[in-house]
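**Q** This is the structure I want to talk about, given as structure tokens.
The values are calculated or read from the model by the stated rules, or taken from the named source; none is laboratory data. These numbers come from a predicted model, not from an experiment. Because the Cβ atoms are built from the backbone with ideal geometry, glycine has one as well, and the counts that use them run over all protein chains shown. Please note that ligands, DNA and RNA were not included when accessible areas were found on the heavy atoms of the full protein model with its side chains. Shrake-Rupley method; radii C 1.70, N 1.55, O 1.52, S 1.80 Å.
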Amino acid sequence: MDYRATQSGFRQPPNIRARNSSMEVSDGSQLFEDTSGAGHGSQSGFKQQAGDQAAGFPGFSDPMSNLAMAYGSSLATQGKELMDKNLDRFIPISKLKYYFAVDTVYVGKKLGLLIFPYMHENWEVSYQQDTPVAPRFDVNAPDLYIPTMGFITYILVAGLALGTQNKFSPELLGVQASSAFVWLVMEVLAVLLSLYLVTVNTDLTTIDLLAFAGYKYVGMIVGVVSGLLFGRPAYYLSLLWCCAAIFVFTIRTLRLKLLSEAAAEGRLVRGTRNQLRMYLTMAIAAAQPIFMYWLTFHLVR
């Protein structure tokens, strides 16, 4: 066979190249269709579909993203625990739950006791393993549900009373609410200061004092509603009754907390310190009617 020299130093068979050229000339069409391009497109489409399916399964996801999510979740849990711990230091959330553990029966009995406390005999708070029972099990236990709802209802009734006098405005209602809240805080602070000066060792907490100071809103609501319905004389009569009731309620409730065990049992109170405690109890009880009149007299005309 005759091989010709090429530029690279090798020879090509001329007959084979001639034969191939003759075949290309004689048959212009290909015997088989070239599917290399279509096969490449289908293969890339299959790879893209497989990638999409793999992205939909957690097992095929990025491990670094899972690690970052787990680390972020642990940080959030630790931050929540730290926030709850510091918040409980200033605002005892667990103790607040106790003061709101009430039911409908307790609320009805407590409202009746605040309006008519004269026939109630047992004023002692029940205990279970050195822990006071929840308010829903003992009508003598202090709560924050009635004072809170009483304060809100008092603001609403005050807005209604101002509306009947054509004096209602959001600013004036805000002044009414803020003034009532400030007087409440000042009353509690004054009682705490008095207890400190008298050096009374009692289990009363600030929340207890806030609850006892907030019970007067029930009588205030009764007085204002009676005045709106039946006029000013009804306001004075109902408010006078509620003032006497809250005075008796406060005396009989706080005397077990502030006076000594001998006074709580009904025996004669002796000693200067016990007399100071008795005067302090009467002063706290006497302040309730004063606040009740001061915060409601301008609402009834």
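**Q** Look through the range 273-301, keep the residues that are among the aromatic types (Phe, Trp, Tyr) and open to solvent by 40 Å² or more (accessible area, probe 1.4 Å), and return whichever of them is farthest from GLY231 (Cα to Cα).
**A** Across the range 273-301, the extreme among qualifying residues is TYR279.
**Q** Let me ask you something else. Scan the range 125-137 residue by residue and report those that are more than 20 Å from the chain's Cα centre (by Cα) and either within 14 Å of ASP208 (Cβ to Cβ) or at pLDDT 95 or above (or both).
**A** The answer is VAL125, PRO132.
**Q** Name the single residue, out of those in the range 144-177 being at pLDDT 95 or above and polar (S, T, N, Q), that is farthest from the chain's Cα centre (by Cα).
**A** THR153
**Q** While we're looking at this one, here's another question. Looking only at residues that are outside any helix (DSSP H, G or I) and in contact (Cβ under 8 Å) with a residue 24 or more places away in the chain in the range 108-124, which one is least open to solvent (accessible area, probe 1.4 Å)?
**A** Among them, the one singled out is PRO117.
**Q** Go through the range 126-162 and give me each residue that's assigned to a loop (DSSP other than H, G, I, E, B) and either open to solvent by 80 Å² or more (accessible area, probe 1.4 Å) or in contact (Cβ under 8 Å) with a residue 60 or more places away in the chain (or both). Spell out how you get there, then give the answer.
**A** So in the range 126-162, the residues assigned to a loop (DSSP other than H, G, I, E, B) come out as 126, 128-131, 133-134, 138-144.
Scanning the range 126-162 gives GLN128, GLN129, ASP130, ASN140, PRO142, ASP143, LEU144.
**Q** Continuing with the same structure: So is LEU209 open to solvent by less than 20 Å² (accessible area, probe 1.4 Å) and farther than 26 Å from VAL300 by Cα or not?
**A** Here the answer is yes, as LEU209 does meet what is asked.
**Q** List every residue pair whose Cβ atoms sit under 9 Å apart, with the two residues 6 or more apart in sequence or on different chains, where the first one lies in the range 184-211 and is within 18 Å of MET278 (Cα to Cα) and the second, anywhere, is among the acidic types (Asp, Glu).
**A** LEU209/GLU187
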